[in-house]
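Values in this text are rule-based calculations from the coordinates and carry no lab data. Remember, it's a predicted structure, so these values are computed and weren't measured experimentally. Ideal geometry is used to build each Cβ from the backbone, glycine not excepted, and the neighbour counts take in all protein chains shown.
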Amino acid sequence: MLFGKRILLIIGGGIAAYKSLELIRRSRERGALVRVVMTAAAQHFVSKLSAASLSGDKVYDDLFSLTDEAEMGHIELSREADLIVVAPATADLLAKMAHGLANDLAATVLLATDKRILAAPAMNVRMWLHPATRRNVATLLADGVRFVGPHAGDMACGEFGPGRMAEPAEIVEAAGVAVQGDTRLPLPAGLDLRHDRPLAGKKVIITSGPTFEPIDPVRYIGNHSSGKQGHAIAAAAASAGADVILISGPVAIADPVGMRVVHVTTAQEMYEAVVAQLPADIFISVAAVADWRIAEPAGQKISKSSAAPVLTTVENPDILASVAHRAQGRPTLVIGFAAETQNVIEHARAKLQRKGCDLIVANDVSSAHGVMGGTRNTVHLVTATGVVDWPTMDKEEVARRLVAHIAALLPAKTAGEKS
Ligand code: CTP
């Protein structure tokens with residue numbers, strides 16, 4: 001989709017600028033012609049020489065350069081491209097773009113262009129969530145600027161949350177979409193323009209991660225769930241204004257910010273933690289809960305010298321089903337996940353009925369799909385009225401869309417309850 005297309009890449013001054021070098025390389029691999037403009041701040045992070053070597057062209061950075069102006073005026077520079085990509089789009093650059101400032105070459109080109117602009121924001125999470133940045137992004141979206149990312153994750157500044165620049169491969173893909181004039185690009189993280197904080201005042205309980213069922217003091221039965229999807233949903237719900245209680249099994253990822261997190265190990269503990277937090281408006285059961293536990297875990301480590309152990313199991317409580325079937329104090333919306341390795345939709349439909357929930361998010365977790373532990377997910381939304389298939393996307397994007405979907409479902413469900 002990028003073959004033969006001219007991309008003007010504007011590199012802003014942020015730590016993510018180093019990824020923009022990789023972006024030049026990948027865009028050229030796809031057949032794009034890349035011309036680079038760098039801000040003065042960007043040159044603290046990457047050199048003009050690196051960008052010039054990778055793009056195979058000179059790098060522009062001076063608004064008042066007579067030589068540059070004689071070669072190619074800044075108006076021409078802004079118009080000859082098929083697409084302008086701003087990566088990293090810093091808080092400062094976004095503010096300049098939103099307010100129409102033109103005090104350096106990058107800002108001037110962005111103001112003078114009549115071409116499509118794709119921005120890949122990168123900044124500290126607080127800067128990204130600051131009302132000023134949110135206003136600027138809202139303005140730019142209304143102006144038709146497209147966005148890719150940012151994503152939630154560990155940041156160079158040591159914080160966690162949305163603000164990390166999308167990976168070069170993803171930006172290249174988004175550039176391919178944007179250059180076609182397609183509007184399918186998702187809304188940026190932490191931003192829902194239609195309903196800015198659609199879950200404000202709502203209490204949401206979310207389970208995430210695996211449960212570990214002890215065999216003896218050192219061994220357990222577990223599963224491959226990483227908690228990434230559940231934690232991302234919790235973060236998205238918190239960004240949407242919800243009062244979130246995340247009940248997490250043992251995971252290796254950090255607690256998301258802006259919510260209460262309860263750590264548990266076994267299914268029984270998870271069940272008790274959920275019940276203790278009820279009532280709630282919404283329950284989202286993302287955890288991969290062990291269906292069975294060992295009936296009587298050994299008090300001491302089982303030695304190899306003893307006879308091979310026979311593990312007798314008993315069934316764990318079904319947390320989702322028990323919450324959904326509560327006669328009193330059932331949350332308005334109860335949402336389950338279905339981890340399937342075959343006949344995904346058929347099994348999800350059966351689970352929807354059996355567990356009594358309002359929506360099942362079904363995904364194929366067979367190892368070929370790399371969902372468990374991976375960063376991307378392909379889900380299908382199964383309700384009593386039908387199935388909606390979503391394309392493969394980042395778990396963060398699944399989370400944001402799911403939260404937007406839930407926020408849209410909630411008023412109708414609440415009205416239904418009252419009537
Ligand atoms: N779940 C739960 N408590 C359990 C088992 C599952 O709350 N003891 C929830 C999961 O969080 C998920 C949904 O039920 O939202 C479906 O989980 P899944 O493992 O796909 O289904 P199972 O109930 O284990 O059914 P099966 O083993 O037949 O697939």
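Less than 5 angstrom separates the built amide H of Leu63 from those of Leu105, all sequence-distant by 5 or more or on a different chain. Residues in the stretch 223-233 carry Karplus couplings, in order, of 8, 7, 4, 9, x, 4, 5, x, 5, 5, 5 Hz; the curve used is 6.51 cos²θ - 1.76 cosθ + 1.60 with θ = phi - 60°, and Gly or Pro positions show x. Going Cα to Cα from Lys395, which lysines come in below 21 Å? Please leave out same-chain ones fewer than 8 positions away. The reachable lysines, counting only those whose Cα sits under 21 Å from Lys395, are Lys228.
For the stretch 99-116 versus the stretch 353-369, the spacing of their alpha-carbon centroids is 47 Å. Estimated from the Cβ-Cβ distance and a Förster radius of 51 angstrom, the FRET efficiency linking Asp57 and Glu315 is about 0.20.
Please find, in a Gaussian network model of the chain (springs between Cα atoms separated by less than 10 Å), the residue of Ala102, Ala368, Ala41 whose mean-square fluctuation is greatest. Taking springs between Cα atoms under 10 Å, the residue moving most is Ala368. Compared with the dominant principal axis of the Cα atoms in the chain, helix 344-355 is inclined by about 50°.
Sorting 110-123, 398-411 by their mean Cβ neighbour count within 10 Å, with the most densely packed peptide first, gives 110-123, 398-411. Under 20 Å of direct C-alpha separation, and excluding same-chain neighbours fewer than eight residues apart, Lys301 reaches these aspartates and glutamates: Glu213, Asp216. A straight Cα-to-Cα reach below 23 Å connects Lys413 with the lysines Lys202, Lys203, Lys351, Lys355, residues fewer than 8 places away in its own chain not being considered. Rounded to the nearest 20, the Cβ-based charge dipole of the stretch 305-419 about its Cα centre (Lys and Arg +1, Asp and Glu -1) stands at 380 debye. Between the amide H of Val262 and those of Leu246, Ile247, Ser248, distances stay under 5 Å, these residues lying 5 or more places away or on another chain, with hydrogens modeled in the peptide plane.
Put simply, when 252-262, 163-173 are sorted by average Cβ atoms within 10 angstrom per residue, most first, you get 163-173, 252-262. Once the Cα atoms are used to define both axes, helix 17-29 deviates from the longest principal axis of the chain by about 80 degrees. Exposed loop sites here are chymotrypsin sites (Phe, Trp or Tyr not before Pro) assigned a DSSP state other than H, G, I, E or B and surrounded by at most 12 other beta carbons within 10 Å; excluding them, the longest clear run of the chain is 65-419.
Counting only DSSP beta bridges with both residues in the chain, what percent are antiparallel, rounded to the nearest 5? Percentage antiparallel, nearest 5: 30. Note that the stretch 6-179, at 4 °C in a medium of 1.567 mPa s, gets a Stokes-Einstein diffusion coefficient of 82 µm²/s from its Kirkwood radius over C-alpha pairs. With the convex hull drawn around the C-alpha atoms of the chain, the volume per residue stands at 168 Å³. Other residues whose C-beta falls under 15 angstrom from the C-beta of Pro168 contribute a net charge of 0, scoring Lys and Arg +1 and Asp and Glu -1.
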